[in-house]
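Student: What follows is a structure written as C-alpha cells; I'll ask about it next.
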Amino acid sequence: MIDFEIDIEVEELETLCKKFSREVLLPNARRYEKNLGWDSSALKSYFDLGISNLLLTEEYGGFYNPMATVVAFSQLACGDCSGVIRYEELIPVSPFLTVIGNTDVGEKINVKHLIKSLQSNSNLISKNSTVKTALVNQCFDELKNEKVVCWIPGIVFSEADNKVEAGGLENKEQILFVAGGDFVATFNISDLKVTTATAGGLRSACGGLVEINFNNAKNQSMISFEEGFYIRSTIRLWAASMLIGLGTAASSYAIDYGKERIVFEKPVLGHQANAFTLSKLVTDLEACKTALFMGAGSAGSQLNETDQYACWLITQAYVKACETSTALCDFSLQLLGGHGYMKDHIVEKWWRESQDLVNMFGGRISAIEDLRHSALKSTDWLSS
Amino acid sequence: MNIEIDKTTKDIVLMVRAMGTEYLRPLGLEADRTGVAIPKDHPFYFMIAQSGYMSQSLRSEKQPGEKSPGLSGDNSKASNTSVRTVLIAEEGSYWDRGAMVSLPGPGLGGPPVQSMGTKEQKERFFSIFKQKERPVWAAFAMTEPQAGSDVARIATRAVKDGNEWVLNGQKMYSSNSPRAEWVVVFATVDPSLGRDGHRAFVVEANTPGFEILRVEEKMGIKAYETASFALTDCRIPEDNLLGGHEYYLNKSNKGFGGAMRTFNATRPIVSAMGVGIARAAYDVAKQFVEDEFPKHSFNRINRIKDTLSQMQQNIVFSRLLCLKAAWLLDMGKPNSFEAAQAKLFAPSLCLKVTESAKEILGEAGLCQDRLLEKFARDVKAIDIVEGTQQIQNLVVARNLIGREIIKD
C-alpha cells in the first residue's frame, strides 16, 4: 500500500544531524570556509554520528541506507555544505566498488584490497568512519605519504579542454576516472596536468582541475547503462539531498527575515509578489523532496542496478532540485537585497554552494542526458 | 515509504481502465462533439450502478487513520480511501475527465457529508449509493454570482423557522446538480459574521423552491452538467443542517472550517484528474514520436526526448503530491497545506504537459482526432475548480509565513 511514513530510526537520525548542523556547523561555517576545513572537535563529532557508514555497503563495513542518506545530508548541508563534501568526497565508493570492483580495471587496481587495508589500519580510520582520504589528509600524518587511489565520483567533463574537477589529489598516485558512468579508466597522476582550482561556492570542498588525455589511460573498460545509471543516481541522491537542504535552509531564512523587515509599511513577505514566489518555490521543492524520498524509499535498504525506477525518480528529483534550490537561494538572497550580498548573512554562502552543486556529482546536464534514455517509457503508475 | 499499490486498488483501477476504453472516452468525445452531457438514463450508468462503483468512495464509520479491515481485509493497514480515490480519479480522467465526473455517486457532495455529517446523516444520505438498481448522483454548491474564490462573500441566506431552515439565494457552477438526489449547499446565517456564519445544508431534489436556472455551456469537460440554480423560500428540515446545531458550537467547526475540510479532501482528487489528462497527452506525444522517429534529425530527437522527460517529471511529481496529501487524510493527519500544494503544483504543470504535447505534434496537435486540443481545454478547468491557482498560493503562503502577515 502506498505509504509516505518515514521509519522512526531515520527520523531520529534526522534529529541528530539537525542538531549537529545547527549547533556545531552553522555557527562556525564562516571560519570553516576560511580555514578550508573543520576543526578536530567538529570532525570527531561528525564521525561519531556515524554518518559516513551510511554510504558504504555492508560488504565494506557500512550500513548503506538511501533514505537515511537523504535525511542526514539534507540537514548537514544547511550547516556547512562545502565541509560535508570535503569529508564525504568518497561517498560513492560503494557503488563504484560494486560495479567497478569486478571489472578488469577494478581487478588490476585491486580496489577491494585497497579499501580493506585502509579499513584495517586503525591509525587511518576514525572510530566510526571508513575510507576518508580527505579526512586522513587533514588529521592523520601517517597517510601523508600513502599512494592512495583517488576516486572521482560520477565526474563529467568540463565542456572545454577535457578538464575535470577532482578533490583530494594531494599525495595521490593514481586516479580512477568514470566518464558519464559508462567509461572507466585509471591514470597515473604524474601523467596528468593538474592545476589548482578553488571553486567559489564550495570553497573548502574542491581540489584541482585535471586535464585528461585518454591516450595516457592505464586501463579502460565499459560498463552498462544500467550500472552507470545506478552509480550516478547514488551520487545524485546525495547531491539532491544537499540541494534540498540548502533550499529548505534558504526558504526558512527568507521567512524569518521577511516577516520582520518592513518595506512600504508592511513586512516584505506580506507583499503578494514575494509571498507567491516563495510559495511556488517551496511547493516545487516539496515535489523534489517527495520524489527523492519515494526514490530512496522504494529502493529499500540498498539501491542497486536493478532499481531503475528508483534511479529514475532520484535523477528527476536531482534535476528539479538543481533548478528549484538555486532559485530558492537566489530568492532568499534577493529578498534581503544588499544585505543578502554581504557576508553578514549566511544566505550568500548557500547561494554559492547551490550554484556549484548543480555542476558537480553527475551534473544537471549529465542527468538530463540520462533521462533521455527513459523518455519514451510509460508514465502509467501500474507499469512503473 | 512504499510505492506499491495494494491489490484491491489495482483491481479497481484496472476496472476503470477497461471501462475507459469502451465507454468513458467514446462517450466523452461524443459529448464534446455535440455539447450535450451524457443522458442520465444512459445504459452505461445503470451498468456502473450494478458494479457497486457508487459506494466505492464511502468511508467506513471508523475514523480516518484508524486501523480497519478495509476492502482488502488486511487488519494491519489504515484506511486508504483517499489514496484509492485519487488513483481512480487519475485513471478515469486519462480516458475522459468529463465522463469521469459524470459517473453516478456522491461526487463532490460526499466529502462534506463525510467530514461534517452526523452518523445518522451519513446513513440517510449515503444509503442511496449502496443500492445497485439505478444510478444516483449528489452535488455540491458553494460558488455564487458574486462570490467565487472569496467564499466569505456568499450571500445565500439560511433562516431558522421553527423546525425548518428557509434558504434563499442563487448558486452556480454546481456539477451534476440537475440530476442530483441531494445537493450540499453552503449558506450564511448572518452575513456580518463572514466565514463564521457559514453553514452547510443538504437540499434534496424536488424540494419546493429549488429550481435549476440553466445548464452552462463550457469550453471543455462537456460530458457532465454544470448548472446554476435558485433557492427561493426553499424549506428544508432542521435535520438537514450538516453536523446539527452542536457541530457549530465548536469554534474550529465554524462553517468555513467545514468547507475547508471538504477542499482538503477534494483538492488532491481534482488535481489527480489533471494528472490523468496530462498522462493521456503524454501518451499521444510519445506515440507520435515513436511513429515519426526515423524522419527527424538526431539533434531534434534529443530535444524532443528532453521535452518528453520534462513532461514525465511533471506528471510523476504531480501524482506524488496528490497521493501524499490524500495519504495524510487517510492517516487522519492535517493536510490542508499539502492539499493546497498539490493543487498549486499539479494543474498548471499538467496544462504545460498538454501544451508541450501539442508543440511536439506541431499542427497535427490541433487536429481533433489527436485529442490534444481537447485535453488542453479539459485540463484548464482543473486550474480553476476547487480553488484557483492564486487561491492555493494564498493558502500555501499563509501556512508558510503566517496569516498575520498575509492578510485578507
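Student: Apply the a/c threshold of 1.5 to the C-alpha gyration tensor of region B:146-278 and tell me whether it is rounded, prolate or oblate.
Tutor: oblate
Student: Amide H to amide H under 5 Å from B:Tyr248: which residues, 5+ apart in sequence or cross-chain, H placed 1.01 Å off N in plane?
Tutor: Answer set, sorted by chain and number: none.
Student: Follow-up question, since we're still on this one. As an exercise, use a Förster radius of 30 Å and the Cβ-Cβ distance of B:Asp306 and B:Gln368 to find the FRET efficiency, rounded to the nearest 0.05.
Tutor: 0.60
Student: At 0.36 nm per residue, minus the direct Cα-Cα distance, what do B:Asp291 and B:Thr34 gain on full extension? Give it in nm, one decimal, please.
Tutor: So the extension gain works out to 89.4 nm.
Student: Could you check how many percent of all C-alpha pairs in region A:225-375 are farther apart than 26 Å? Provide the component values of the computation, followed by the final result.
Tutor: Numbers: 3504 of 11325 pairs.
Result for the distance tail: 31 percent.
Student: Among all lysine pairs in region A:225-375 that are eight or more places apart or on different chains, how many have alpha carbons less than 19 angstrom apart?
Tutor: Close lysine pairs under the 19 Å cut-off: 4.
Student: As a test of reading the structure, rank A:Trp351, B:Trp95 by solvent-accessible area (1.4 Å probe, protein chains only), most first.
Tutor: Highest to lowest solvent-accessible surface, that is A:Trp351, B:Trp95.
Student: Over the heavy atoms of A:Glu12, what accessible area does a 1.4 Å probe trace out, to the nearest 10 Å²?
Tutor: 110
Student: Check region B:112-182 and count each lysine pair with an alpha-carbon distance under 23 angstrom, considering only pairs eight or more places apart or from different chains.
Tutor: 7
Student: Sticking with this one: Applying the Karplus parametrisation 6.51 cos²θ - 1.76 cosθ + 1.60 with θ = phi - 60° to the phi angles of region A:312-320, what ³J(HN,Hα) value in whole Hz is obtained for each residue in order, glycine and proline being reported as x?
Tutor: These are the phi-based 3J(HN,Hα) values: 5, 4, 5, 5, 4, 5, 5, 4, 5 Hz.
Student: Quick one: compute the contact order of region A:248-355, relative version, from alpha carbon pairs under 8 angstrom and 6+ residues apart, as a percent. Walk me through the intermediate numbers first.
Tutor: Details: 103 pairs, mean separation 31.2, N = 108.
Relative contact order comes out at 29 percent.
Student: With labels modelled as points extended 7 Å from the Cα through the Cβ direction, what inter-label distance (nm, one decimal) is found for B:Gln146 paired with A:Lys34?
Tutor: Between B:Gln146 and A:Lys34, the simple spin-label model gives 6.5 nm.
Student: How many angstrom lie between the Cα centre of region B:255-325 and the Cα centre of region A:16-44?
Tutor: When both Cα centres are located, 42 Å separates them.
Student: Can you sort B:Ile212, B:Ile221 by solvent-accessible area, 1.4 Å probe, largest first?
Tutor: B:Ile212, B:Ile221
Student: Still on this structure: Could you state how much accessible area is buried at the A-B interface, both sides summed, with a 1.4 Å probe, in Å² to the nearest 100? Intermediate values should be presented prior to the final figure.
Tutor: Numbers: alone 17250 and 19030 Å², together 31200 Å².
Summing both chains' loss of accessible area gives about 5100 Å².
Student: Can you classify region B:8-56 as rounded, prolate or oblate using the Cα gyration tensor, where a ≥ b ≥ c are the square roots of its eigenvalues, rounded means a/c under 1.5, and otherwise it's prolate if a/b beats b/c and oblate if not?
Tutor: In terms of gyration-tensor shape, oblate.
Student: Separate question: So how compact is chain B: Cα radius of gyration and Dmax in angstrom?
Tutor: Taking only Cα atoms of chain B, I get Rg and Dmax of 21.3, 77 Å.
Student: Could you work out the relative contact order of region B:138-252, using alpha carbon pairs under 8 angstrom and six or more residues apart, expressed as a whole percent?
Tutor: Values: 244 pairs, mean separation 32.5, N = 115.
Once divided by the residue count of region B:138-252, the mean separation gives 28 percent.
Student: To continue, here is another question. Give B:Lys218/B:Lys374; B:Lys333/B:Lys380; A:Lys19/A:Lys44 a once-over and call out the pairs whose C-alpha atoms are over 18 Å from each other.
Tutor: Beyond 18 Å: B:Lys333/B:Lys380.
Student: Which order do you get for A:Asp370, B:Asp161 if you rank them by accessible area with a 1.4 Å probe, largest at the top?
Tutor: These residues rank, largest area first, as B:Asp161, A:Asp370.
Student: Among A:Gly245, A:Phe225, A:Ile235, whose Cα projects farthest towards the positive end of the dipole of region A:219-303, with charges put on the beta-carbon of Lys, Arg (+1) and Asp, Glu (-1)?
Tutor: Towards the positive end, the residue furthest out is A:Gly245.
Student: Roughly how many whole Å is it from the C-alpha centroid of region B:99-132 to that of region B:1-45?
Tutor: With region B:99-132 and region B:1-45 each reduced to a Cα centre, they are spaced 19 Å.
Student: Kindly report the accessible area of region B:255-401 per residue (heavy atoms of protein chains, probe 1.4 Å, no ligands, DNA or RNA), in Å².
Tutor: I get 33 Å² per residue for region B:255-401.
The values are calculated or read from the model by the stated rules, or taken from the named source; none is laboratory data. Small disclaimer: the values here were computed from a predicted structure and weren't measured. Cβ sites come from the backbone with ideal geometry, for glycine too, and all protein chains shown count toward neighbours. With ligands, DNA and RNA removed, areas are computed over all heavy atoms of the protein, side chains included. Shrake-Rupley method; radii C 1.70, N 1.55, O 1.52, S 1.80 Å.
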